[in-house]
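To keep things clear, I will list the structure first and then write my remarks on it.
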Amino acid sequence: IEAPAEDAPPAELVKYGIALQRAQRYAEARAALLRALRASLRGDGASCRDAELAYEHLSYVQVALHRLGQSAEAEAVLHEAVAEADAAGVPADNDGRRAGERGLRANAFPPPPLRL
């Protein structure tokens, strides 16, 4: 999987992050999807499709991290995404940001153990 150029458009960054996630290269996928989120938020904003996809696939990475016993890293994804949105100047009450962060918040912590 070849990394896109440093100045690649958000759509290419998202595709790269998704490819890494599907290849189960979760640490790299996390970094790539956060980079895609950053570019999307600073470009078209939190409601654009690229930002939506970055948020969505970051939540999938969180689930995988929990399965691998890396719950602290899964929680960190939420905090990193919040920091990116803050840095981009996206208001906390922006609908796209709220929706994206809702998914990350839901997957930030490990699921409770099953009771049989």
Do we have Arg42 as in contact with a Gly (Cβ under 9 Å, 6 or more places away or on another chain), in contact (Cβ under 8 Å) with a residue 40 or more places away in the chain and surrounded by fewer than 17 Cβ atoms within 10 Å (Cβ to Cβ) here? yes
From the option list Glu56, Glu84, Glu73, single residue qualifying as of a type in the set (Asp, Glu), modelled with pLDDT of 95 or more, open to solvent by less than 50 Å² (accessible area, probe 1.4 Å) and within 23 Å of Phe109 (Cβ to Cβ) is Glu84
Answer yes or no as to whether Val90 is β-branched (Val, Ile, Thr), out of contact with any Ser or Thr (no Cβ under 9 Å at 6 or more places or on another chain) and in a helix (DSSP H, G or I). no
Could you look through the range 98-113, keep only residues that are touching an Asp or Glu at 6+ places or on another chain (Cβ under 7 Å) and open to solvent by less than 100 Å² (accessible area, probe 1.4 Å), and pick out the one that is nearest to Arg67 (Cα to Cα)? Ala108
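The values are calculated or read from the model by the stated rules, or taken from the named source; none is laboratory data. This one's a predicted model, so the numbers in the text were calculated from it and none came from an experiment. Because the Cβ atoms are built from the backbone with ideal geometry, glycine has one as well, and the counts that use them run over all protein chains shown. Please note that ligands, DNA and RNA were not included when accessible areas were found on the heavy atoms of the full protein model with its side chains. Shrake-Rupley method; radii C 1.70, N 1.55, O 1.52, S 1.80 Å.
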